[in-house]
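Enquirer: Have a look at the structure that comes next, please.
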Amino acid sequence: MTIKQAVFEFTSKILTSEYKKLIKDIINEIEDDNIQTKEGNNLPKSKLGKIIRNQSARNANIQFYGYLLAHQRKDEIEKELDCTVPSLTEKQVSTLQDIHNEILYLNYKCIENLPRQLKHHYAINPYFEYNGHVLKNKYSPFIFDHEEIQKLKNTFSQHKGFKLIEKIDNSDFNELNKINTERLVGGIIAFEKSIIKAGVKRSPKDLEDTFKKQLKLSAKTPVLYMIALLCIKESLKNINQLIYQSFIHNKLLSIDKNNIINYSSSSHYIGEGFIVETQLLPVSNPAQIVIFIEPHRNDTVFCRLEKNIYSFSKEIGQVSKLYLRKLDDDLNPFYNLVKETLQVV
């Protein structure tokens with residue numbers, strides 16, 4: 001079973017979970033169709049504050065924790081933007097914290113596949129940079145099934161990022177452990193930002209040249225290590241997003257010949273991307289996972305949305321230009337980077 005198959009089996013259980021309605025209702029309460037209350041530029045400060053808070057939560061792309069983070073930043077948002085941000089209720093906060101802890105626990109179990117001798121387990125936690133990675137000791141999940149978590153953890157051990165780490169000699173672990181975790185996270189984030197900035201259809205030339213050069217050197221271990229951690233972290237992000245979408249929606253959005261106007265694709269050193277023009281679709285923020293069915297090849301692939309640009313056509317009305325990055329069986333959007341690295345080490 002691939003990681004992708006294991007994750008979809010895991011999320012299929014959410015669709016019938018007794019907690020799905022509870023959590024979806026909480027999100028609906030928080031959102032409360034606030035955009036529809038807009039009347040020109042004369043929004044009451046409380047309405048404006050609610051819109052800003054929720055947009056901030058969604059744009060962070062950290063699932064349920066985005067709402068908790070926006071709630072924590074309430075005073076800061078009010079001061080910066082001259083608005084009144086309504087507080088979340090105790091029930092809303094506790095429910096969001098519960099489901100975030102469940103996802104966090106699952107992440108911790110998957111990260112346990114990293115060799116124990118290495119100290120950078122926090123570096124691949126998707127919530128570390130937002131200070132949302134702290135889980136109380138001896139936490140016991142009650143929303144997700146223990147056996148299902150263990151099954152997904154075992155399957156996640158197949159991730160090709162761990163295969164890269166297997167290429168590192170154990171004698172090098174002590175040197176790697178000298179790297180400060182915050183500094184390592186900063187490097188991983190810089191790699192990711194460079195890749196995203198280059199767009200879905202090409203790799204950043206400077207980063208590609210750096211990787212190729214460093215991986216030919218005898219002192220290639222730190223770069224090899226960072227590539228591995230980056231790709232593992234990206235897969236965890238996508239697992240978290242699929243869990244989030246399973247609570248909020250009943251199925252993934254499908255982009256196919258029925259709604260595609262035009263598209264182009266490109267495979268490169270990092271992975272593969274698509275730019276798709278479609279009739280207006282209910283896509284939301286970057287990080288959303290969608291199904292893309294290529295019209296001419298009839299191949300079904302899973303993609304992560306990275307950008308969505310709206311325009312208007314007199315002939316067909318509003319058009320969405322979607323920038324999609326393909327995910328492999330590890331749910332890794334940078335899978336060619338791993339493949340290329342495995343070939344040279």
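The values are calculated or read from the model by the stated rules, or taken from the named source; none is laboratory data. Because the structure is a prediction, the values reported are computed rather than measured. FYI the Cβ positions are ideal-geometry reconstructions off the backbone, even for glycines, and counts take in every protein chain you see.
Enquirer: For the range 229-255, name all the residues that are among the polar types (S, T, N, Q), out of contact with any strand residue (DSSP E or B) (no Cβ under 9 Å at 6 or more places or on another chain) and at pLDDT below 95.
Expert: To start, the set of residues in the range 229-255 that are among the polar types (S, T, N, Q) comprises 235, 238, 240-241, 245-246, 250, 254.
So of that shortlist, the ones also out of contact with any strand residue (DSSP E or B) (no Cβ under 9 Å at 6 or more places or on another chain) come out as 240, 246, 250.
Residue satisfying the conditions is 250 alone.
Enquirer: Right, something else. Regarding the range 329-345, can at least one residue be identified that is assigned to a helix (DSSP H, G or I), hydrophobic (A, V, I, L, M, F, W, C) and surrounded by fewer than 16 Cβ atoms within 10 Å (Cβ to Cβ)? Step through it out loud before you land on a result.
Expert: Filtering the range 329-345 down to residues assigned to a helix (DSSP H, G or I) leaves 335-344.
Still in the list and also hydrophobic (A, V, I, L, M, F, W, C): 337-338, 342, 344.
Now restrict to residues that are surrounded by fewer than 16 Cβ atoms within 10 Å (Cβ to Cβ): 342, 344.
Looking for residues that are assigned to a helix (DSSP H, G or I), hydrophobic (A, V, I, L, M, F, W, C) and surrounded by fewer than 16 Cβ atoms within 10 Å (Cβ to Cβ), one finds at least one in the range 329-345, hence yes.
Enquirer: Take the residues in the range 145-176 that are in contact (Cβ under 8 Å) with a residue 60 or more places away in the chain and either part of a loop (DSSP other than H, G, I, E, B) or basic (Lys, Arg) (or both), then tell me which one is nearest to residue 270 (Cα to Cα).
Expert: Going through the qualifying residues, I end up with 160.
Enquirer: A follow-up question, please. Taking the range 244-268 as the region of interest, how many residues are assigned to a loop (DSSP other than H, G, I, E, B) and either more than 22 Å from the chain's Cα centre (by Cα) or surrounded by 20 or more Cβ atoms within 10 Å (Cβ to Cβ) (or both)? Spell out how you get there, then give the answer.
Expert: At the first step, the residues of the range 244-268 found to be assigned to a loop (DSSP other than H, G, I, E, B) are 249-253, 256-259, 268.
Then keep just the ones that are either more than 22 Å from the chain's Cα centre (by Cα) or surrounded by 20 or more Cβ atoms within 10 Å (Cβ to Cβ) (or both); that gives 256-259.
Residues that pass the stated criteria total 4.
Enquirer: Moving on. Tell me whether the range 256-266 contains one or more residues that are at pLDDT 90 or above and under 29 Å from residue 103 (Cβ atoms).
Expert: no
Enquirer: Restricting the range 107-144 to residues that are of a type in the set (Val, Ile, Thr) and outside any loop (DSSP other than H, G, I, E, B), which is farthest from residue 184 (Cα to Cα)? Steps first, answer last, please.
Expert: Start the filter on the range 107-144 by keeping residues that are of a type in the set (Val, Ile, Thr), which leaves 111, 124, 134, 143.
Applying the additional criterion that residues be outside any loop (DSSP other than H, G, I, E, B) yields 111, 124.
Details: 111: 16, 124: 10 Å.
Among those residues, the one meeting the criterion is 111.
Enquirer: Checking residue 320 against (1) more than 27 Å from residue 56 (Cβ to Cβ); (2) buried (at least 17 other Cβ atoms within 10 Å of the Cβ); (3) more than 20 Å from the chain's Cα centre (by Cα), which single condition isn't satisfied?
Expert: Result: residue 320 passes all but (1).
Enquirer: Let me spell it out: the conditions are (1) surrounded by fewer than 15 Cβ atoms within 10 Å (Cβ to Cβ); (2) among the hydrophobic types (A, V, I, L, M, F, W, C); (3) within 21 Å of residue 19 (Cα to Cα), and residue 134 meets all of them except one. Which number is the exception?
Expert: If we test residue 134 against (1) surrounded by fewer than 15 Cβ atoms within 10 Å (Cβ to Cβ); (2) among the hydrophobic types (A, V, I, L, M, F, W, C); (3) within 21 Å of residue 19 (Cα to Cα), just (3) comes out false.
Enquirer: Would you mind telling me which numbered condition in (1) closer than 22 Å to residue 120 by Cβ; (2) more than 24 Å from the chain's Cα centre (by Cα) residue 216 fails?
Expert: The one condition residue 216 does not meet is (1).
Enquirer: Ok, one more. Would you point out which residue out of 185, 276 is outside the structural domain of residue 25 (by TED's automatic domain parsing), surrounded by 14 or more Cβ atoms within 10 Å (Cβ to Cβ), among the β-branched types (Val, Ile, Thr) and closer than 29 Å to residue 106 by Cα? Steps first, answer last, please.
Expert: Working: 276 fails: closer than 29 Å to residue 106 by Cα.
It is 185.
Enquirer: Just give me the residues in the range 177-207 being of a type in the set (Lys, Arg) and assigned to a helix (DSSP H, G or I), in sequence order. First the steps, then the outcome.
Expert: Let us first name the residues in the range 177-207 that are of a type in the set (Lys, Arg), namely 178, 183, 193, 197, 201-202, 205.
Selection gives 183, 193, 197, 205.
Enquirer: Across the range 283-311, which residue is modelled with the highest pLDDT among those that are farther than 23 Å from residue 59 by Cβ and surrounded by fewer than 11 Cβ atoms within 10 Å (Cβ to Cβ)?
Expert: 299
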